[in-house]
Amino acid sequence: MKLLRRSLLSLAVLAGTVGMSSAALAQANQGSVLRIVPHSNLAILDPIWTTAYMSRNHGYMIYDTLFGTDEKSQIKPQMVESWTESADHRLWTFKLRKGLEFHDGKPVTSEDVVASLQRWGKRDAMGSALFQFVQRMDTPAPDTFRIFLGEACGFVLEALGKPSSNVPFIMPKRVAETDAFKQIEEHIGSGPYVFKKDEFKPGDKAVYLKNTKYVPRNEPPSGTAGGKKVLVDRVEWNLALRDPQAQVNALQKGEVDIIEQLSFDHYETVKNDSKLQIPKVGNLGLQYMARFNHLHKPFDNPKVRQAALAAFAQEPFLRAQVGVKELYKTCPGMFICGTPFGSAVGSEIQSKGSIKKAQELLKASGYDGTPVVLMKPTDLAAIAKLPDVAAQLLRQAGFKVDLQAMDWQTLVGRRAKKDAPDKGGWNMLITGWQAHDVWSPIANPTIDGRGEKSGWFGWAKDDKLMELRDQFLRATDDAAKKKLADAIQTRAFEIGTHAPLGEVDVPLAAGKNVTGFFVTNGHLYWNLKKN
C-alpha cells in the first residue's frame, strides 16, 4: 500500500511538471530568482576604490552600513544599535546591534568597523572631510567603537550614513586593511546577499544568493535605511543584455524581471504595456555633468574651461538625451534644485552663456588648438547621447574634438589615469550623479579642490575653494551654511570645476509580477517579491 501511494505521488508530481518549459523547471528547482538588467556592466568589485554606481550597487548587495539615509533624507541606524554624543560634540560612542555576522561565519566587530572607516576616509570626499576632524578611533569592546574629534563638526552621522558613492561599507578588518588605492581581492560582507564569485563573469552575469543568516532590522525599508528583508533565493544580473530594444523585448517576454535604467526611447512603450510597470523608486533625480581634466591641456587653463561652460546650455543636452519633457528639467546650480543648497548664484557664465560668448572667451584664452579627448560610453543608454551634444557645442565654440567611443567600464578604468590624453589619458568625460552625491559642498566630490590629492577624477586644484569648503565643514548655523554654499558654487563656476548639464528622472521598468518596490533614490534589491 505504501509503495502504491509513493507511485501515485510520483505520478502526481510528474503530471504537475507537464507543459512546463525548461526555464520554468529550472526556476522551480532553484527557488525564486529575480533577474535584473543593470544599467551597465560590472567590472570593478571594490566600491571604495571607485565611485561607479555599478560597484556601489554591488556593495549594497553584499555589505552593510552603520547608518542609512531614508527617503526623507533623514539619517537612521542600520548596523548601529545605539550611540551617544558628548556635551562638547567631540566624542561619539557607537554600539553595534546583535546578530551581525560576515558571510564566512565570523562576527562583525568594532575593529572591522574602524578599519573600514579608515580606508573609506582615504577615498571618499565626505570621508576625507570627516577625517580632518578625527583625532583617533578606538574599540573599548568588540561591539563598541568610539570616534574622538579634535574639534566639533556638524556632519558625523551624515557621513557615516552617506547613501551613495562612496558608501562607508563595513568589511572584515583583513580586507579593509588593503591599501585604499589598490582594489580588494576578497569580497565578503555581512549584508543581505552573498556574492557568488565562482559564477561571476564580467560582461555576462553576476549572481547573488540570499544570506540566510542575515538579521534585518524591524523597520520598513526606506532609502538605504530600514529592514533589508530578502524575499527571493537568488538575484541574477544580466550584464550581457545591453541593447535597449532587446532589454524591453526580454522584459515583455518575462525573460527578465527588471530593467534598472529604461531607455528614454522606450518609456512610452513600457508605460502603455498593461503587463509592465514603472514603479516609483526615487523622489530625487540625477544630475548630468561634464567633468574637465584639470591636469592637461587645454583644460589646465581656467579660461578655456570657462569657454566650454559658456557653450554648454543645458536644454540641448536634455532634449537630445531624454526627450520626454516630464522626465527632465534645467537647473543652473551645481547643487540639486529644490534641496537646501540649490541655487543659481554665480552660475551666469553657463546659465547665461551662448556659443558667441564661448567663441569670444576661447579666443581670449590663448587656446592653441589642442584636441579635446572626449570619452563616449557606447553601452550606457542613460548618458550615451550626451558626449555627441558636447562635441557639437565644443566644435561650434572653436574647439577641436577627438570623440573616442568605448564601453562604460573601460571608461571607468581610463578616467582614473593621469596620463596625457595622447598617451591613454583624457580631457573630458560626461557622467550622471544621483542627488545625494552632489547636493552639498561636503558630499559633492567635484568640489574637492585638492588637486591630485583629491579622491575624484579631474583633479581640480584651488586653495580658495578649499578655504570656503573648510569654513562650511565647521559651520553649524543653517543660514551660514547656505551663504557659504553660494560662495563655494560661485568660486567653482569661476574656476570651472565642471559643468552641470541638468537634472533627470531615469525610470526603472519591471514586470507587474514583481512587488515590494520602495523609494530608494538608487537601485536596491531587497524587499522585492516575485509572484
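The values are calculated or read from the model by the stated rules, or taken from the named source; none is laboratory data. Note that the structure is a prediction, hence the values are computed from the model and not measured. Note: ideal-geometry Cβ built from the backbone for every residue, glycine included; neighbour counts use all protein chains shown.
Restricting attention to the stretch 366-417, the residues that are farther than 30 Å from residue 202 by Cβ, crowded, with 20+ Cβ neighbours inside 10 Å and among the small types (Gly, Ala, Ser) add up to 1. Are any of the residues in the stretch 50-69 at pLDDT below 95 and surrounded by fewer than 19 Cβ atoms within 10 Å (Cβ to Cβ)? Checked the stretch 50-69: no residue is at pLDDT below 95 and surrounded by fewer than 19 Cβ atoms within 10 Å (Cβ to Cβ). For the residues 453, 529, 461, the requirement of being under 25 Å from the mean Cα position of the chain (by Cα) and surrounded by 16 or more Cβ atoms within 10 Å (Cβ to Cβ) singles out 461.
Among the residues of the stretch 56-74, the one identified as of a type in the set (Val, Ile, Thr), over 15 Å from residue 281 (Cβ atoms) and in a strand (DSSP E or B) is 65. Residues that are at pLDDT 95 or above, under 23 Å from residue 244 (Cβ atoms) and buried (at least 22 other Cβ atoms within 10 Å of the Cβ) occur in the stretch 487-502; there is at least one.
Considering the conditions (1) at pLDDT below 95; (2) of a type in the set (Lys, Arg); (3) closer than 20 Å to residue 67 by Cα, residue 242 is excluded by exactly one of them, (3).
Filter the stretch 275-299 down to residues that are part of a strand (DSSP E or B) and farther than 23 Å from residue 392 by Cβ and give me whichever is nearest to the chain's Cα centre (by Cα). Going through the qualifying residues, I end up with 277. Taken over the stretch 236-253, the criterion of being under 17 Å from residue 279 (Cβ atoms) and out of contact with any helix residue (DSSP H, G or I) (no Cβ under 7 Å at 6 or more places or on another chain) is satisfied by 247, 251, 252. When the stretch 306-354 is filtered for residues that are free of Cβ contacts under 8 Å to residues at least 12 places away in the same chain and part of a loop (DSSP other than H, G, I, E, B), the ones remaining, listed by number, are 338, 352. In this structure, residue 222 does not qualify as buried (at least 18 other Cβ atoms within 10 Å of the Cβ) and touching a Pro at 6+ places or on another chain (Cβ under 9 Å).
Just one residue in the set 385, 363, 376, 357 is touching a strand residue (DSSP E or B) at 6+ places or on another chain (Cβ under 6 Å), among the charged types (D, E, K, R) and touching a residue at least 12 places away in the same chain (Cβ under 8 Å); that residue is 376.
Yes or no: residue 403 modelled with pLDDT of 95 or more and under 17 Å from residue 309 (Cα atoms)? It is false that residue 403 is modelled with pLDDT of 95 or more and under 17 Å from residue 309 (Cα atoms).
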